[in-house]
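The structure appears below as structure tokens.
The values are calculated or read from the model by the stated rules, or taken from the named source; none is laboratory data. Worth saying up front: this structure is predicted, and the values here are computed from it rather than measured. Cβ placement follows ideal geometry from the backbone for every residue including glycine, while neighbour counts extend to all protein chains displayed.
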């Protein structure tokens, strides 16, 4: 009789232990379930980062502006300088013209405190394009650089083609073509803001916000000078 009671006790204890383990496993699974979406998002973000880095490395030796189709730099029909996003960040420059001053072929000067200008090979007839759109103004050989609708933080890549390219780009492409590509947003939310000042009471304030909204990638930027 005592042996039967002890056997029943052991069976009950085993049943209770099995129930506890099963319940604990279900509880752990239940706790982990809400994080599955976050894990998927994190994994997708890491994949996007790796894909972006791979594409950047792949594109470092390719240029588009000299002939309007992708080709290796050594096959380019004209002299070309490529400024990548990494180069921009490592330069420490705070403005587009401060960045351009680092390249001896680009002669930077100012008509006045509010109007910087650039000369290449003795002429100001330089064509500037932003994402394929011409920034030069009609009846004037050069764009108003101070009013370009971009900031240094918005730029992903710059290709500078030296020499006449009027056959491809029109009358303004006499001494050089500066082809600017802006940054594309990724799914991770980011916010950049800055404020700077200089001589003659000049100041600049700007900000940029970007991120993923559902299936869309969105970015917005503003600047005041």
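Restricting to the range 109-127, and then to whatever is closer than 15 Å to residue 95 by Cβ and crowded, with 17+ Cβ neighbours inside 10 Å, can you tell me which residue is modelled with the highest pLDDT? Selected residue: 118. Considering only the range 120-142, I want to know if a residue exists there that is part of a strand (DSSP E or B), within 17 Å of the chain's Cα centre (by Cα) and within 30 Å of residue 195 (Cβ to Cβ). Yes; the residues of the range 120-142 include at least one that is part of a strand (DSSP E or B), within 17 Å of the chain's Cα centre (by Cα) and within 30 Å of residue 195 (Cβ to Cβ).
Within the range 150-167, the set of residues being touching a strand residue (DSSP E or B) at 6+ places or on another chain (Cβ under 7 Å) and more than 15 Å from residue 120 (Cα to Cα) comprises 150, 151, 153, 154, 155, 156, 157, 158.
Looking only at residues in the range 198-219 that are exposed (fewer than 10 other Cβ atoms within 10 Å of the Cβ) and within 26 Å of residue 116 (Cβ to Cβ), which one is modelled with the highest pLDDT?
By that ranking, first place goes to 201.
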